[in-house]
Amino acid sequence: MTIITHMQRKSRLAEMIDKPGGVSVGVALAQAKANLAVLQDQATTIIADNIAALLAEPVPGMIEPMRLDMAYSASSQIIDAASPFEMDDLCTAAKGLCDLLDAAPRQGGFDWRIATVHAQAMKVLLSLPPQEAAARSAILTNLHEVLKRKLPGQPQG
């Protein structure tokens, strides 16, 4: 017979708060927000770097499947960096590009202007202040139209 013992552990934050003279919840939240601000700056840099990679001229002689994979990876990294900070519009644009790249013929023939348009749109979305909801919505609406026209199996109406 096997006996399993479960030991409940507290997080470091819980231990700091529970300790006499420990950190207050308000101070802990303020520290967490400061840490998030640093991480958001890093995420913004990652997003900008990957947008730049999408806009860069292709390496001469690169085969189409590798170029598609590199673009997919850059778009996927944008999603990874943007999603924790609720940059939903960037995630939507990058996901649409991932869908288009995933459906692209591996033997060649992908219209790379589509990737450029998506990358330029993501660059604009990254630069817009959060309160510019109408502009963000217009950009996403236009990208959705590209998806409807270019992605096989999407409804056209």
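The values are calculated or read from the model by the stated rules, or taken from the named source; none is laboratory data. Predicted model, so just to flag it, every value in this text is computed and none were measured. So basically every Cβ, Gly included, is an ideal-geometry build from the backbone, and we count neighbours across all protein chains shown. Each accessible area value is taken on the protein alone, full model and side chains, heavy atoms only, with ligands, DNA and RNA left out. Shrake-Rupley method; radii C 1.70, N 1.55, O 1.52, S 1.80 Å.
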Query raised in the report: Do we have any residue at all in the range 100-118 that's open to solvent by 50 Å² or more (accessible area, probe 1.4 Å), assigned to a helix (DSSP H, G or I), at pLDDT 95 or above and within 30 Å of LEU36 (Cβ to Cβ)?
Result: no
Query raised in the report: Does GLY108 fit the bill of being closer than 30 Å to GLN40 by Cβ, in contact (Cβ under 8 Å) with a residue 12 or more places away in the chain and out of contact with any Ser or Thr (no Cβ under 6 Å at 6 or more places or on another chain)?
Result: no
Query - So LEU36, is it of a type in the set (A, V, I, L, M) and modelled with pLDDT under 80 - result: no
Query raised in the report: Assuming TYR72 fulfils every condition listed in (1) farther than 24 Å from GLN42 by Cα; (2) touching a residue at least 24 places away in the same chain (Cβ under 8 Å); (3) open to solvent by 70 Å² or more (accessible area, probe 1.4 Å); (4) assigned to a helix (DSSP H, G or I) apart from one, which condition is it?
Result: (1)
Requested in this report: Using the structure shown, decide if ASP88 is under 12 Å from the mean Cα position of the chain (by Cα) and open to solvent by 60 Å² or more (accessible area, probe 1.4 Å).
Outcome: yes
Query raised in the report: For the range 129-144, what are the residues that are open to solvent by 70 Å² or more (accessible area, probe 1.4 Å) and either over 18 Å from HIS118 (Cα atoms) or not polar (S, T, N, Q) (or both)?
Result: PRO130, GLN131, GLU132, ALA134, HIS144
Query raised in the report: With respect to the numbered conditions (1) open to solvent by less than 40 Å² (accessible area, probe 1.4 Å); (2) modelled with pLDDT under 95; (3) part of a helix (DSSP H, G or I), which one is the sole condition not fulfilled by ILE47?
Result: (2)
